[in-house]
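Structure, as structure tokens:
The values are calculated or read from the model by the stated rules, or taken from the named source; none is laboratory data. Keep in mind that what you see is a predicted model, and the values were worked out from it rather than measured. Note that we place each Cβ from the backbone using ideal geometry, even for glycine, and neighbour counts take in every protein chain shown.
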Amino acid sequence: MTGIFINSRMQQDDTTKVPKEIIWVVVAICIIPFVLNLLGIDFGTPGQPLDVSQVEFFSPNELADAMHHALAGSFIHSLLEWSAFCAAIFIVLLSFLNYSIKGNPTVPIIGCSLFFAGVMDAFHTLAADRLIEAVADTQNLIPFTWAICRLFNALIVVVGMGIVLFQKRFAIQTDRKQNLRLVLFVSVMLGFIAYGIIQFCATRNTLPTTMFPDSIITRPWDVAPLIIFLLAGIFLYPYFYRHDPNLFSHALIISIIPNVATQTYMALGSTALFDNGFNVAHFLKILAYLVPLIGLSLEYVQIYRKESRSLSRDLRQSLSLLNSLAKQVLDSTTLTTLITTSGQRLETMMAEQVASTNDVMATAQEISEISAKLATTVQQMDTAFEELQQATGSLTKKLGAIAEKADGIDDIVLTITEISNQTKLLSLNASIQAADNEEGGQGFEIVAQEIVKLATETATVTRKIQPIVREMQTAVSSGVREMNNFTSEHVEAIAPHLQMVHQGMKAQLEGAQTISSAIAQLSTSSAQTANYLKHTLDDTNSALEQLNRAVQQLQQEVAVLER
């Protein structure tokens, strides 16, 4: 039977095929119920009919038990159907996970098709359990909706494959979003159609008869899905696998086995609700959903292994690179030590530079203070020379006044000399008078003698004063000339030099202040540089220590990974 569904002409890689062990397990599960039936084991759950006439004699617990026994078949049916629906949910989830990894739109399209086939089965179950308002009799509603759901299941998967093959055949380029929108749109439309069919069937008072217990084909409505599954398994699914070989598409081929078995058990073996063929068919339908789910799971494992091998290869390369890097970093420990030592030396040099800068700044401050004192002294000398010039001018004036007075003395001496000459004349006249006047002339004689004596002394004193006055005049004149010369030549010659010295000292003071300010700024900058360098060296040392610890830890981790 397997040979019917697996085309032997397909020479694909074994990595795109479901393992043979799983295929044989699927075939065995499909055959085992038939073998067990031959051995007399019946899987039917018809339940115990509830005797309505005895209901009034039941206690509440007995009534609940009797109702559960009566509905045992319905419970088993719901459990099997919802199990198939849960498998369909896992299929669509794994298909989108596969799509997120590989980007192949085929898988989510088929996955959505299977999911909405499961949704159709869920609608069938809701109608059978009367969770959807239904009017039709259960004996007709359940088999009819089952047949519709199976037909829908076969057709929707065929439609999904047709969409994929149509895109590949005509090379239609669509992106992921367009593919997803397309499959979701088609699937949702089919889902609404399925729900509409179930709702229509549930609200009909009469439904077509689908079970014929006395016929060879007890459920002829299930023959159509059987034929569709057979044709799809022989032609469509292998063709689809050749165009998109992967574990999922190969699992779809394998899923034909339980699907055909399901339809066979139902079409040829089920004569009543919840009988042996009914329950076996529902169980095998779960297997029909599980096989694609297994294919998706195997493909996910395969992808994981490929990624793991690639990751392991990259990890080994990374470990080799990290090991080499760790060795290089460890080899650079000497360089790190040199960097640390150089940093410490540089820090010491910066500290010495800061100290030297502080000394220079103190020296510049002293120069500035000395320059200020010298400028003050020069200013005082300038003031003293101005006062000396003023005093010299005053002394010159006074000497000029003395010279004028000396000139007055000279006039007085001349006057005295004239008076002395006149006195001599007077004494001469007196002597003459005394000679003329012999009797009274003796007194005149005495007076004349005294006058002559006085005139003689006066002349003598005058002669002594005149050289002194002339020397005084000469000295005063010479002093006035020298004072004038000193004032006009020396003071005027010294004044520009003093002005230049004053200006130079002022410029030196300003320069000393500028140097002091510059040295202060340099000291501040040096201190900031030293602080920054200290922090930088601390950070560098800390980073180097962390790097060494990281390298040691990396070596340990590499050693663990290499084990």
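General observations
- Count - residues of the stretch 33-51 that are part of a loop (DSSP other than H, G, I, E, B) and without any contact (Cβ under 8 Å) to a residue 60 or more places away in the chain: 7
Residue-by-condition table, conditions (1) within 22 Å of residue 44 (Cα to Cα); (2) surrounded by fewer than 22 Cβ atoms within 10 Å (Cβ to Cβ); (3) free of Cβ contacts under 8 Å to residues at least 24 places away in the same chain:
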residue: 223; (1), (2), (3): yes, yes, no
residue: 242; (1), (2), (3): no, yes, no
residue: 245; (1), (2), (3): no, yes, no
residue: 267; (1), (2), (3): yes, no, no
residue: 276; (1), (2), (3): yes, yes, no
residue: 285; (1), (2), (3): yes, no, no
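- Here residue 23 does not qualify as modelled with pLDDT of 90 or more, within 22 Å of residue 284 (Cα to Cα), crowded, with 17+ Cβ neighbours inside 10 Å and in contact with a Phe, Trp or Tyr (Cβ under 7 Å, 6 or more places away or on another chain).
- Qualifying residue in the stretch 18-40 (condition: in the same structural domain as residue 289 (by TED's automatic domain parsing) and within 49 Å of the chain's Cα centre (by Cα)): yes
- When the stretch 141-165 is limited to residues that are farther than 16 Å from residue 228 by Cα and at pLDDT 80 or above, the one that is surrounded by the most Cβ atoms within 10 Å (Cβ to Cβ) turns out to be 145.
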